[in-house]
Structure formats: structure tokens, C-alpha cells
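Report on one structure; see the data block that follows.
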Amino acid sequence: MSSTSDIEEGLTLLPKFDADGLLTAVVTDAGNGDVLMVAHMNAEALAKTIETGEAWYYSRSRKKLWKKGETSGHVQRIKELRVDCDQDALWLKVEQEGEGACHTGRRSCFYRAVPLGQTGAVRLDFQDADRKFDPAAIYSPKS
């Protein structure tokens, strides 16, 4: 077991996976800093990402490893990969190939804003929500 000092100040990657064997990965555009998506990585996805320089994730819904862009062609090339202070989260600065990171056809998965100061049911506001590609043309229907 590694010490807190080893984890927080050391030079060895010692990822702290959660009970499901996952790390949260925040993905931003290396050029402008926009948040593109949040995903998860297991040990295999992290190893493949480090080895290939392209983003690999673990799909919690499909319960399987996937390479970003394997279906859409919208690959994420890693420009910088950072780990947080206690090594339980990652920050990927990527060069996003293709027109978008989101499976809905948008550049970013964060295309709706939550207005503050409301009570009761909150109505979301679309922001930067134009579709960049037609998801139906790229992804097959889910079974």
C-alpha cells in the first residue's frame, strides 16, 4: 500500500480506482480548454490510452472497453494526460478529430445550462447546442 505522500507528491502513477474499478476522466479540448465530455477508465483503458496516445474508455452502460472514435471516426488524440492530487481522477487534454465528442452529434456533451436561482422544476437552456454531425448516420440503433 502506498503512502499519502507517495500518492500526492511522488512521481509514480498509482491510480486509485473506485469500487467498480474505474477512474473519472474529464476531457477538454487542448486548444481552447472547452470541456468536451466526462467518461470513465478502468486499468485496461488507462494502459491503452498511455500506450497509444489515443483515448480509450470503459463504458458503464455497455460494460466494455471502447476506443473513442472506433465507430464515429471522431478519435481523441491525447496532448496531455494529468492525474489529480489523490490519483482518483484524470484530466485529458485532447485534440478532437472529427466534428464532435458527443454521441448526440454535438461538439461537447455539455450543451445545456442549468439556470440558477430557480425553484421547483428547472428548465434547461441550450447553449452551443448545434449538431455538428448526424448521429443516426454514424451509430447503429441500440439493441
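Observations on the structure shown:
- In region 60-89, the residues that are in contact (Cβ under 8 Å) with a residue 24 or more places away in the chain and under 24 Å from ASP128 (Cβ atoms): LYS68, GLY69, THR71, SER72, GLY73, HIS74, GLN76, ARG77, ILE78, LYS79, GLU80
- As a summary of the residue check, LEU90 satisfies the conditions (1) under 21 Å from SER61 (Cβ atoms); (2) at pLDDT below 95 except for the one numbered (2).
- Unique residue being over 13 Å from the mean Cα position of the chain (by Cα), buried (at least 19 other Cβ atoms within 10 Å of the Cβ) and either more than 14 Å from VAL26 (Cβ to Cβ) or of a type outside the set (Lys, Arg) (or both) when the list is GLY105, GLY98: GLY105
- Pair list, Cβ < 9 Å and 6+ apart or interchain, from region 28-43 residues that are under 22 Å from ASP18 (Cβ atoms) to residues that are surrounded by fewer than 13 Cβ atoms within 10 Å (Cβ to Cβ) and of a type in the set (Asp, Glu): HIS40/ASP18; HIS40/ASP20; ASN42/ASP20
- Residues of region 55-64 satisfying the condition of being surrounded by fewer than 17 Cβ atoms within 10 Å (Cβ to Cβ), under 13 Å from the mean Cα position of the chain (by Cα) and either modelled with pLDDT under 95 or not small (Gly, Ala, Ser) (or both): ARG60
- When VAL38 is tested against the conditions (1) under 30 Å from SER3 (Cβ atoms); (2) part of a strand (DSSP E or B); (3) touching a Leu at 6+ places or on another chain (Cβ under 9 Å); (4) not small (Gly, Ala, Ser), the lone failure is (3).
- Residue in region 75-84 that is touching a helix residue (DSSP H, G or I) at 6+ places or on another chain (Cβ under 7 Å) and farther than 30 Å from ASP6 by Cβ present: no
- Wholly enclosed strands (runs of 3 or more DSSP E) of region 43-96 bearing at least 2 residues basic (Lys, Arg): 64-67, 76-83
- In region 71-95, the residues that are among the basic types (Lys, Arg) and either loosely packed, with under 12 Cβ neighbours inside 10 Å or more than 16 Å from the chain's Cα centre (by Cα) (or both): ARG82
- Qualifying residue in region 24-41 (condition: more than 23 Å from ARG107 (Cβ to Cβ) and either buried (at least 19 other Cβ atoms within 10 Å of the Cβ) or in contact with a helix residue (DSSP H, G or I) (Cβ under 9 Å, 6 or more places away or on another chain) (or both)): no
- Residue within region 108-126 that is touching a residue at least 60 places away in the same chain (Cβ under 8 Å) and not hydroxyl-bearing (Ser, Thr, Tyr) present: yes
The values are calculated or read from the model by the stated rules, or taken from the named source; none is laboratory data. Predicted model only: the values in this text are computed from it and were never measured. Note that we place each Cβ from the backbone using ideal geometry, even for glycine, and neighbour counts take in every protein chain shown.
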